[in-house]
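Only one structure is covered here, and it is reproduced in the block below.
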Amino acid sequence: MQDSIAKIELIPLRIKLKKPFVISLGRVDYAENVAVKISTRSGITGFGECCPFRSINGESMETAMIVGKYLSDALIDQDPVDIEGCTRRMDLVIYGNRSIKSAFDIALHDIAAQSAGLPLYAFLGGKNSKPLITDYTVSFGRVENMVEEAISIVEQGYPAIKIKVGGTLEDDLLRIGKIRKAVNASIPLRLDANQGWSVETAIGVLSTLDGMNIDFCEEPIARWDFMNLPKVRKASKVPIMADESCSDHHDLDRLIVLDACDYINIKLGKSGGLFNAMKMIRLAEEHGMKVQVGGFVESRLGFTASAHLALASECVTWCDFDTPLMLEEDPIEGGIVYGFGGRVTIPEGLGLGAGLLKEKG
């Protein structure tokens with residue numbers, strides 16, 4: 001007998017960060033997330049989480065709770081294993097709102113994987129056969145503070161440092177140069193401008209970084225200015241990774257046609273969840289493109305889903321899973337475990353393997 005969705009709960013998760021997290025788009029003091037708990041009539045429970053990020057996906061915790069009610073009404077009594085059908089229903093209810101849709105999508109995948117008797121990564125076609133290692137991010141700020149934070153990250157054993165940039169040409173070259181001098185040259189740096197540069201500034205910075213062991217630069221210019229991304233890429237001495245300009249497989253297809261980037265950063269809160277993220281993975285595989293899986297400021301619940309996605313394909317080369325470590329509270333039961341040097345261990349068992357602690361859910 002076909003199972004069906006009996007109940008959907010929307011749970012706000014407002015968690016203070018240990019210290020403010022600053023990027024070129026603004027400052028974050030609290031993770032204002034939404035968890036989704038879906039229960040089926042056969043007794044299976046699935047969990048998901050999203051981090052609405054107003055300046056990137058145009059959603060907030062408050063709007064996600066409202067839209068989540070619309071989505072809940074549309075999915076009650078539906079078959080939770082029919083993820084494509086559920087995705088279609090959500091998209092018919094309302095355009096966009098991919099952040100809250102991603103939380104529903106993760107919960108549906110959790111249920112489907114449990115129903116299939118598989119861990120989520122296996123349900124997605126992957127294997128738990130490669131190490132998952134996260135970098136750690138230096139928040140945007142005063143040069144001396146960023147250097148101090150970079151040194152601390154190295155001392156904690158992280159194998160790579162992500163640097164938030166997106167200021168003036170002079171200031172960002174100073175930030176990058178000072179950090180490069182302060183840490184061992186064997187430690188790769190990863191830049192993230194979060195759309196903060198003009199085309200001219202991006203070229204001015206990136207054309208001078210040859211020989212500095214920099215893996216890539218994420219989203220150097222405004223997402224809407226993607227037609228100029230090939231120009232930036234051609235002038236850059238480091239590879240270009242598309243982030244905000246590459247939300248789904250349609251965006252990726254466009255960027256591939258334009259020859260606009262070397263790599264892409266997949267985030268479930270941009271793609272709308274695992275269903276669309278896997279379409280991006282397959283397209284990246286087809287074109288031999290390396291992928292980073294990242295996120296916003298989700299807890300370990302959301303990043304456990306990201307970790308399963310990272311195991312779904314060998315084209316996933318980098319993990320950016322550090323933000324749960326920045327939160328003062330951890331309301332999650334099960335889920336990924338962080339080890340020394342950025343190593344991330346995925347939970348054993350069926351489905352997602354993560355949920356809310358009982359007192360929180």
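Once phi is turned into ³J(HN,Hα) by the Karplus curve 6.51 cos²θ - 1.76 cosθ + 1.60 with θ = phi - 60°, what whole-Hz value does each residue of the stretch 246-261 show in order, with x for glycine and proline?
Calculated HN-Hα couplings, in order: 10, 8, 9, 5, 5, 4, 4, 4, 5, 5, 5, 4, 6, 6, 8, 8 Hz.
For the stretch 166-211 and the stretch 268-297, write down the distance between their C-alpha centroids in whole Å.
Taking the Cα centre of each part, the stretch 166-211 and the stretch 268-297 sit 26 Å apart.
Give me the lysines in straight-line cross-link reach of Lys19: C-alpha distance below 20 Å, same-chain residues under 8 apart excluded.
Those lysines meeting the cut-off are Lys162, Lys164.
Which of the peptides 273-281, 57-65, 348-356 is most tightly packed, and how do the rest follow, judged by the mean count of other Cβ atoms within 10 Å per residue?
273-281, 348-356, 57-65
For helix 274-286, what angle does its Cα long axis make with the longest principal axis of the chain, in degrees from 0 to 90 and rounded to 10?
Helix 274-286 sits roughly 50 degrees off the main axis of the chain.
Tabulate in residue order the Karplus-calculated ³J(HN,Hα) for the stretch 191-205, using 6.51 cos²θ - 1.76 cosθ + 1.60 with θ = phi - 60°, rounded to whole Hz; enter x for Gly and Pro.
Calculated HN-Hα couplings, in order: 9, 9, 8, 6, 6, x, 9, 6, 4, 5, 5, 4, 5, x, 7 Hz.
Taking amide H positions as placed 1.01 Å from N in the peptide plane, with prolines and chain starts having none, which residues 5 or more places from Phe321, or on another chain, fall under 5 Å of its amide H?
Asp135
For Gly58, what residues show an amide H to amide H distance below 5 Å, using hydrogens built from the backbone and excluding near sequence neighbours?
Phe53
For the chain, what is the convex hull (Cα atoms) projected area averaged across all directions, in square nanometres?
Answer in nm², one decimal: 16.4.
Cut-off under 23 Å on the C-alpha distance; same-chain residues fewer than 8 positions from Lys279 excluded. Which lysines are left, in chain and number order?
Qualifying lysines at Cα under 23 Å: Lys101, Lys127, Lys130, Lys267, Lys270, Lys290.
Here, each number is a calculation from the coordinates, and none is a lab measurement. The model shown is predicted, which means the values in this text are computed figures rather than measured ones. Don't worry about glycine lacking a Cβ; one is built from the backbone with ideal geometry, like all the others, and counts go over all protein chains shown.
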